[in-house]
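These notes concern the structure reproduced below.
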Amino acid sequence: MTRKVAKWLTNAILVIAFVYIFGTDLSGFTTAIGLAGAGITYALREVIVSFAGWFAIMFGDFFKTGDRVLLGGTKGDVVDIGLLRTTLMEMGEWVEGDQYTGRIVRVANSYIFTSPVYNYTADFKFLWDEIHILIRFKSDIKLARKLVLEIAEKEIGTYNAKAEEDWGNMKRRYRIENASLEPQVFISFDDNWITLSLRYIVDTRKRRISRDHIFMSILERFGEYEDRIELASETFEIVHEETPKEDRNS
């Protein structure tokens, strides 16, 4: 950032010095310069809007280097903010979860004026995530719910205090209602199974790892109560009926 500021200050000083020294000799070209400037402005309108976007990013608190954002349809971590483009380390696409693909993506700064900007780590560095566990109707619902809550509380216990602090700062800065940061389990069912929906907060950068730990713990704990809790799955039964010989001959 220091190098960029120094470079543009130097260029600005050189332009000002040039105009000051040769200003009297350029008076005859005023009309030509005006027309040329109008043409250049029209031709470079996208560049000008991108420059305006850079100015808005730097002073408008949209995001900063290191933030995880969704910008112009691309999700990733901001690695550089240029005058015309913002550089992202891409994640998602063919990679499941919030992990890098290895591609560098440069998005025009003009996108902040035409599309939403999602910042995952601006003021609250946590997300609410949900996972769904399907169990059969004859399972012990109360026991399953208790086990899932215990697993979630153990998983998020390491950073729950930090989340409460950040959420307190959010409430002081924005007009938002209070939200529960404790794990919650909601139950629903249909014709096939009972669904336990676990809602919990998670560090933005540890979402996939946390989901892995929770699912592994659920499998282990449910395995201890195989006679009381059964996971559900969609099953198809294919029945083949042979045609009697006399029907086939007829």
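Compute, for the range 52-126, the length of the dipole vector about the Cα centre, with Cβ point charges of +1 (Lys, Arg) and -1 (Asp, Glu) only. Units Debye, rounded to 20. List each step's numbers first, then the result.
On the way: 7 positive and 9 negative charges, 38 e Å.
Using only the charged Cβ atoms, the result is roughly 180 debye.
Convert 10 °C to kelvin, take the viscosity as 1.306 mPa s, use the Kirkwood radius over C-alpha pairs of the range 160-205 as Rh, and evaluate the Stokes-Einstein diffusion coefficient in µm²/s, rounded to a whole number. Numbers along the way, then the final one.
Working: Rh = 12.9 Å.
Calculated translational D: 123 µm²/s.
Farthest toward the dipole's positive end in the range 92-244, which of Asn109, Leu127, Gly223, given Cβ charges of +1 (Lys, Arg) and -1 (Asp, Glu) about the Cα centre?
Value computed over the given set: Asn109.
At a probe radius of 1.4 Å, what is the per-residue accessible area of Val117, in Å² to the nearest 10?
Its heavy atoms expose roughly 40 Å² to the probe.
Go through Trp167, Trp54 and list them by solvent-accessible area, largest first, probe radius 1.4 Å.
Numbers: Trp167 30, Trp54 55 Å².
Of Trp167, Trp54, the descending order of accessible area is Trp54, Trp167.
Please list Leu181, Leu134, Leu84 from largest to smallest accessible area, probe radius 1.4 Å, with all protein chains kept in place. Write out the running numbers ahead of the final one.
Values: Leu181 15, Leu134 50, Leu84 75 Å².
The ranking, largest first, comes out as Leu84, Leu134, Leu181.
Using heavy-atom solvent-accessible surface (probe 1.4 Å) with all chains present, what is the largest-first order of Asp227, Asp203? Provide the component values of the computation, followed by the final result.
Working: Asp227 135, Asp203 40 Å².
Ranked from most to least accessible, the order is Asp227, Asp203.
The values are calculated or read from the model by the stated rules, or taken from the named source; none is laboratory data. Keep in mind that this is a model prediction, so the values were computed, not measured. Using ideal geometry, Cβ is built from the backbone for each residue, glycine included, and neighbour counts are taken over all protein chains shown. For the accessible areas, the whole protein counts, side chains as well, though only heavy atoms, and no ligand, DNA or RNA atoms are used. Shrake-Rupley method; radii C 1.70, N 1.55, O 1.52, S 1.80 Å.
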